[in-house]
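A quick write-up on the structure given underneath.
The values are calculated or read from the model by the stated rules, or taken from the named source; none is laboratory data. None of the values given here were measured: they were computed from a predicted structure. For neighbour counting, all protein chains shown are included, and Cβ atoms are generated from backbone atoms with ideal geometry for every residue, glycine included. Please note that ligands, DNA and RNA were not included when accessible areas were found on the heavy atoms of the full protein model with its side chains. Shrake-Rupley method; radii C 1.70, N 1.55, O 1.52, S 1.80 Å.
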Amino acid sequence: MRTRAVRLYGKKDLRLEEFDLPTIKEDEILAKVVTDSLCMSSYKASSQGTDHKRIPNDVAENPIIIGHEFAGELLEVGSKWAHKFKVGDKFSIQPALYYENGPVGILSAPGYSYKYIGGDATYVVIPNEVMEQNCLLKFTGEGYYPASLAEPLSCVIGAMHANYHTTPGSYIHKMEIVDGGKMAILAGVGPMGLAAINYALHREDRKPSLLVVTDVDQTRLDRAGSIYTVEFAASRGIDLRYINTGVVDDPVRELKAVSGDTGYDDVFVFAPVKPVVEQGDAILAFDGCLNFFAGPSDPNFSATFNFYNVHYAYTHIVGTSGGNNDDMVEALDIMGKGLDPAGLITHIGGLNAVADATNNLPHIPGGKKLIYTHIDMPLTPISDFEKLGETNELFKELAVICSRHNGLWSVEAENFLLENYK
């Protein structure tokens, strides 16, 4: 099978190439990739090259396919897995395999470590360890892009499951956010913050009574508020507030006042910014848990934490950097029941746009950049569709479709693009 893929050869050395995949073995699966969502982790992998712990040392001679938030369709299933998967199944992949015998050991992951599997490709060979580790997951919902976003959604699901609280006099940790508690998501209107808001609003098992989302960018706050509305949150029994801490004289005092001066049971920090971390610490309630979600690039990143409160107010901190298999399964399940992650997506592009977009991801505004691997298309903001539609019939129709969905991407838009893009 001939494939077209973006491969990493070294630092910032990404190349779009065409080459042959090997014939699959009885314990492998041949798959067609349809969508891949670009991730900052891929930017870090490209920027660091072999210095990255998931990247093999020999990529200059044996390049890997980049991209790990992907979805598609199974084309050929080796006999070992025929009892579990069939041709035509739609799939997503949990890239964190935790497979000791992978190319770089326990940290091996599709999109970082493998020659023949990664999201930015037309066709891939799924190796045996993906199935052995139960990391090939079926998706039964509509479209493909939701399955691509299952991995980032699983990360925020894992973050909320990782929070914990205590009972004075007991050493048993009660895992999870406080049901009916007060939650703050700081720097929370980037792609992952939006995923966290979406998940918090749609959970059936537990949810906060107060959810405060902060940022310093009013445009991004307004967009978040138009997608995940105060009215919808109220219908779910949640008091949702969006607050621009950049225009407040004393953000800590303001945020505490919103909480009724009790502070917050669960605080999630979505930016590796020292003042934001310290702000999160300062607004913790008694037995409050701060989850540092944002992965800093600086290995020496640090912030001040109030250890008086650690001792006397039982405050504590956790850090999460990804979801596990159960989180991926939950993400796929909740999307199959109606959670639409389209609010994360701000740009659409083809495979030809991947290399440049990945290497410049921090400098491209907006949220998630969604790639359709079987087309060539410049990375295009959804907000530009209407203007482009003045001279291009495809973008004209896409603009109309997106307007029917509150300006967001949708399964309808995806189907139209795949059927009509030339």
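Sequence gap at least 6, Cα distance under 8 Å: using those rules, report the relative contact order of the chain to the nearest whole percent.
The value is 16 percent.
Cut-off 10 angstrom, C-alpha nodes, Gaussian network model of the chain. Which of ASP266, ASP13, ASP36 fluctuates the most?
In the Gaussian network model the winner is ASP13.
Out of all DSSP beta bridges in region 140-259, what portion is antiparallel? Express it as a percent rounded to 5.
Counting only bridges with both partners in region 140-259, antiparallel ones make up about 15 percent.
At a threshold of 8 angstrom on Cα-Cα distance, excluding pairs fewer than six apart, so keeping six or more, what relative contact order does region 320-415 reach in percent?
Across region 320-415, relative contact order equals 25 percent.
Determine which aspartates and glutamates satisfy two conditions relative to LYS396: a Cα distance under 19 Å, and not lying fewer than 8 residues away in the same chain.
ASP376, ASP384, GLU386, GLU412, GLU414, GLU419
Would you please give the FRET efficiency between THR166 and VAL252, computed as 1/(1 + (r/R0)^6) with r the Cβ-Cβ distance and R0 = 22 Å, to the nearest 0.05?
E between THR166 and VAL252, to the nearest 0.05, is 0.40.
How much of the DSSP bridge set in the chain is antiparallel, in percent, rounded to the nearest 5?
Among the beta bridges of the chain, antiparallel pairing accounts for roughly 55 percent.
Keeping every protein chain in place, order ASP384, ASP51 by accessible area at 1.4 Å, biggest value first, i.e. largest first.
ASP51, ASP384
Between region 116-160 and region 286-325, what is the C-alpha centre distance in whole Å?
28 Å
Return the single residue from ALA224, ALA233, ALA60 with maximal mean-square fluctuation; model: Gaussian network over the chain, springs between Cα atoms under 10 Å.
The residue with the greatest mean-square fluctuation here is ALA60.
Which aspartates and glutamates have a Cα less than 14 Å from the Cα of LYS44, not counting those fewer than 8 places away in the same chain?
Straight-distance partners of LYS44: ASP13, ASP298, ASP356.
For GLU393, GLU129, GLU26, GLU414, write out the residues from largest to smallest accessible area, computed with a 1.4 angstrom probe and no ligands counted.
I get GLU393, GLU26, GLU129, GLU414, largest accessible area first.
Just to confirm, what accessible area per residue do you get for region 203-285 at 1.4 Å probe, in whole Å²?
Dividing the accessible area of region 203-285 by its residue count gives 46 Å².
Which of the chymotrypsin sites (Phe, Trp or Tyr not before Pro) across region 280-318 are loop residues per DSSP, with 14 or fewer other Cβ within 10 Å?
Taking region 280-318 and a limit of 14 other Cβ atoms within 10 Å, the loop chymotrypsin sites (Phe, Trp or Tyr not before Pro) found are PHE301.
For the chain, what is the charge dipole size about the Cα centre, in debye to the nearest 20, if Lys and Arg each add +1 at the Cβ and Asp and Glu each add -1 at the Cβ?
My answer is approximately 140 debye.
Counting only protein chains, not ligands or nucleic acids, how are THR358, THR262, THR391 ordered by accessible area (probe 1.4 Å), most first?
THR391, THR262, THR358
Tell me the carbon and sulfur percent of the accessible area for the chain, rounded to whole percent, probe radius 1.4 Å.
50 percent
Highest GNM mean-square fluctuation, the chain, Cα pairs closer than 10 Å: which of GLY169, GLY181, GLY225?
In the Gaussian network model the winner is GLY169.
Between beta-carbons, use under 10 Å as the cut-off and find the net charge around LEU149, counting Lys and Arg +1, Asp and Glu -1.
Local charge sum for LEU149: -2.
Would you check region 69-217 for Lys pairs whose C-alpha atoms are within less than 28 Å, ignoring same-chain pairs closer than 8 in sequence, and give me the count?
Going through region 69-217 pair by pair, I get 14.
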